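Peer 1: What follows is a single structure, and I will ask about it in a moment.
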Ligand SMILES: NC(=O)c1ccc[n+]([C@@H]2O[C@H](COP(=O)([O-])OP(=O)(O)OC[C@H]3O[C@@H](n4cnc5c(N)ncnc54)[C@H](OP(=O)(O)O)[C@@H]3O)[C@@H](O)[C@H]2O)c1
């Protein structure tokens, strides 16, 4: 019999995902982390080294993992893993990089969320899904088209799923959440980009220089406060400004 709440975090090997996994483990969750690499996380965090660019088999394995934990008091899936392709105009980026950004950033959340919802469909305990989005899902940015497309996809995925789940007696609560700007490798990639190919580079350098970035721990705490709220999911596309 499983008595601990369950939490699945994608992209747990660094940045925001590591902080989410640490904080969830510290609050007593049974945590499963999914990334290509593993991280120095508490021993209680189970880590699967998986490539979410090929999410189909991972989703099947996740469904089985959840079925084996039936009876848990709650379950959350945080689709956190994301990829920025090399910051540059679309036509300058390799097709493989573009495909990877969409597979990891949009296809994997779609497949993992489907597996999560199917495996727990008849659970009556609270079930929550968070899609980690970005302000760039809500506005465009030159040099970041695949990322913008994936994040906009997550936002509308949340809107559609929220309608589906609201029609069910114990439906899951779902939101696509912009986490703010965070001091992670993703930000390093943006401010380290070629300024000729990526005109926004200086804006990202200034965010870092001016101390505008949240630490991963601070950003994770904001997301987890939002996730724990009774009204989580009432707004299916949201951010952490009020959290
Ligand atoms: N940082 C920001 O300012 C910011 C702002 C808005 C939104 N976000 C969003 O917040 C989330 C976390 O971002 P972050 O800044 O922490 O990014 P990050 O430091 O680049 O970390 C990305 C995570 O995704 C995982 N990942 C990448 N490709 C993967 C693959 N093929 N299979 C499995 N896992 C993969 C990485 O693990 P492996 O490399 O080990 O696979 C890593 O754990 C992302 O969705 C990002 O878009 C970040």
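Peer 1: Would you call residue 149 within 12 Å of the ligand (Cβ to nearest atom), part of a helix (DSSP H, G or I) and within 16 Å of the chain's Cα centre (by Cα)?
Peer 2: On the way: within 12 Å of the ligand (Cβ to nearest atom): no; part of a helix (DSSP H, G or I): yes; within 16 Å of the chain's Cα centre (by Cα): yes.
No: the conditions fail for residue 149.
Peer 1: So, one more: From the list 50, 84, exactly one residue is in contact with a helix residue (DSSP H, G or I) (Cβ under 7 Å, 6 or more places away or on another chain), within 12 Å of the ligand (Cβ to nearest atom) and farther than 21 Å from residue 219 by Cα. Which is it?
Peer 2: Details: 84 fails: farther than 21 Å from residue 219 by Cα.
Sole residue among the options that is in contact with a helix residue (DSSP H, G or I) (Cβ under 7 Å, 6 or more places away or on another chain), within 12 Å of the ligand (Cβ to nearest atom) and farther than 21 Å from residue 219 by Cα: 50.
Peer 1: Here's a follow-up. When you check residue 131 against the structure, is it within 13 Å of the ligand (Cβ to nearest atom), in contact with a helix residue (DSSP H, G or I) (Cβ under 6 Å, 6 or more places away or on another chain) and farther than 24 Å from residue 219 by Cβ, yes or no? Before the answer, list the steps.
Peer 2: Values: within 13 Å of the ligand (Cβ to nearest atom): yes; in contact with a helix residue (DSSP H, G or I) (Cβ under 6 Å, 6 or more places away or on another chain): yes; farther than 24 Å from residue 219 by Cβ: no.
Here the answer is no, as residue 131 does not meet what is asked.
Peer 1: Restrict the check to segment 112-124 and report whether at least one residue is more than 12 Å from the ligand (Cβ to nearest atom) and over 20 Å from residue 2 (Cα atoms).
Peer 2: Scanning segment 112-124 turns up at least one residue that is more than 12 Å from the ligand (Cβ to nearest atom) and over 20 Å from residue 2 (Cα atoms).
Peer 1: I've got another one for you. Within segment 12-35, count every residue that is in contact with a strand residue (DSSP E or B) (Cβ under 6 Å, 6 or more places away or on another chain) and closer than 17 Å to residue 61 by Cβ. Reasoning before the result, please.
Peer 2: Here is the first cut: in segment 12-35, the ones in contact with a strand residue (DSSP E or B) (Cβ under 6 Å, 6 or more places away or on another chain) are 12-13, 16-17, 20-21, 24-25, 29-34.
Filter once more, so that each one left must be closer than 17 Å to residue 61 by Cβ: 12, 30-34.
So the count comes out to 6.
Peer 1: Continuing with this model, one more query. Give me a count of the residues in segment 192-212 that are more than 10 Å from the ligand (Cβ to nearest atom) and either in a strand (DSSP E or B) or surrounded by 19 or more Cβ atoms within 10 Å (Cβ to Cβ) (or both).
Peer 2: Counting residues in segment 192-212 that are more than 10 Å from the ligand (Cβ to nearest atom) and either in a strand (DSSP E or B) or surrounded by 19 or more Cβ atoms within 10 Å (Cβ to Cβ) (or both) gives 2.
Peer 1: Please verify whether segment 181-191 includes one or more residues that are within 24 Å of residue 126 (Cβ to Cβ) and touching a residue at least 40 places away in the same chain (Cβ under 8 Å). So that I can check it myself, show each step before the final result.
Peer 2: So the first thing to find is which residues in segment 181-191 are within 24 Å of residue 126 (Cβ to Cβ), and the list is none.
No; the residues of segment 181-191 include none that is within 24 Å of residue 126 (Cβ to Cβ) and touching a residue at least 40 places away in the same chain (Cβ under 8 Å).
Peer 1: Mind checking whether some residue in segment 169-185 is assigned to a helix (DSSP H, G or I), more than 12 Å from the ligand (Cβ to nearest atom), touching a strand residue (DSSP E or B) at 6+ places or on another chain (Cβ under 7 Å) and modelled with pLDDT of 95 or more? Walk me through it before giving the result.
Peer 2: Just the residues of segment 169-185 that are assigned to a helix (DSSP H, G or I), to begin with: 185.
Keeping just the survivors that are more than 12 Å from the ligand (Cβ to nearest atom) gives none.
No, segment 169-185 contains no residue that is assigned to a helix (DSSP H, G or I), more than 12 Å from the ligand (Cβ to nearest atom), touching a strand residue (DSSP E or B) at 6+ places or on another chain (Cβ under 7 Å) and modelled with pLDDT of 95 or more.
Peer 1: Name the single residue, out of those in segment 88-111 being in contact with a helix residue (DSSP H, G or I) (Cβ under 6 Å, 6 or more places away or on another chain) and more than 17 Å from residue 35 (Cα to Cα), that is farthest from the ligand (Cβ to nearest atom).
Peer 2: The extreme case among them is 90.
The values are calculated or read from the model by the stated rules, or taken from the named source; none is laboratory data. All of these numbers come straight from a predicted model, not from anything done at the bench. With ideal geometry, Cβ positions are generated from the backbone for all residues, glycine too; neighbour counts draw on all protein chains shown.
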